[in-house]
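Read the figures in this text as sums done on the coordinates, not as results from a lab. Predicted, not measured: the structure shown is a model, and the values here were computed from it. Don't worry about glycine lacking a Cβ; one is built from the backbone with ideal geometry, like all the others, and counts go over all protein chains shown.
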């Protein structure tokens, strides 16, 4: 059974980010916690969703508070038990969305907490997709609204399967109990949100400011490409600043300075992407560090901070190309 790290570093199809030019590539280490990002086994039929039984939440009962959950009483359901504790009124979560959430997970029989994000003070950022998260989360959270607290009990079939998860102390017979506070949801139409910033340097590309989920325009000037990194706000959000060690969720579009041809885009693929800033070209890691979540950023990457004389095989990127990106920073972890 393949285990997936909490951090998905370089997604399939991400042409312009993998590798780090002339620098050594960073690497993310697999999480030792039993986070829900570890996939179970091969696909199984969808569960029947029932409303119980579920153990009581005895403390931290409000949305956003770290909950304390009682030990399970009697035998858990063999179906997926789901209950909305606090209904939200935000955006509805759909299959394949990325969600940002706080959560606590424990074992039904023992009430042993095997993981929680509240103590880390870092919400989970993950996609509700079969390759990214256990099935119990996908089925329990799809259709819920942001701002909701959801409690659910996941039998092994839709959790870690008969093998369990040794590193997290989870046996193949354990039913898992989760309390999840849904903070935000993101999909292929998500965009930056904030205040437009003047783009008054005629020697730099101009990026569109539309926030309708469609790809922004990028107008490259008929001027010499800059020899130093450019990382300027197009739309300045009001979120937290991104740190060099963060994983970020983004929409982006990349074009070549010479000719303005698009060579990569999440908009074209209709799929967001997430990655660690320690595992991308230096122009991205340096350009996005310190920028605020919710922002759109113009990033111009000179060859020495991109691919230099070793562009990705099969791409439209030639040797010593200057790359131009519009990047919407949607979330960080």
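Between the alpha-carbon centres of region 49-83 and region 196-210 there is a gap of 50 Å. With neighbours defined as other Cβ atoms within 10 Å of a residue's Cβ, the residues 138, 120, 296 order from fewest to most as 120, 138, 296. Highest-first packing order for the peptide set 280-287, 88-95 is 280-287, 88-95, based on the mean count of other beta carbon atoms within 10 Å. Multiplying the residue separation of residue 262 and residue 320 by 0.36 nm and removing their Cα-Cα distance gives an extension gain of 19.2 nm.
When you work out D = kT/(6 pi eta Rh) for region 49-186 at 20 °C and 1.002 mPa s, using the Kirkwood radius from C-alpha pairs as Rh and the Stokes-Einstein form, the result is 145 µm²/s. Let a ≥ b ≥ c be the square roots of the eigenvalues of the Cα gyration tensor of the chain; is it rounded (a/c under 1.5), or, if not, prolate (a/b larger than b/c) or oblate? Taking the square roots of the gyration eigenvalues as a ≥ b ≥ c, the chain is prolate. In the distance distribution for region 116-259, Cα-Cα pairs more than 20 Å apart total 64 percent. Here the label points at residue 166 and residue 201, each 7 Å from Cα along the C-beta direction, are separated by 5.4 nm in the simple model.
The Cα center of region 92-121 and the Cα center of region 258-333 differ in position by 31 Å. The slack in the chain from residue 111 to residue 49, taken as 0.36 nm per residue of separation less the alpha-carbon distance, amounts to 20.1 nm.
In the chain, the calculated helix contribution to ellipticity at 222 nm averages -1000 deg cm²/dmol per residue, counting -39,500 (n - 2.57) for every DSSP H run with n ≥ 4. Sorting the segments 193-201, 72-80 by their residues' average number of neighbouring beta-carbon atoms within 10 angstrom, most packed first, yields 72-80, 193-201. Annotation: the residues 255, 180, sorted from fewest to most other C-beta atoms within 10 Å of their own C-beta, follow the order 255, 180.
Each of 118, 103 was scored by other Cβ atoms within 10 Å of its Cβ. Arranged with the fewest first, they read 118, 103. A rounded overall shape is assigned to region 195-332, the ratio a/c of its alpha-carbon gyration tensor axes (a ≥ b ≥ c) being less than 1.5.
Highest-first packing order for the peptide set 258-270, 165-177 is 165-177, 258-270, based on the mean count of other beta carbon atoms within 10 Å.
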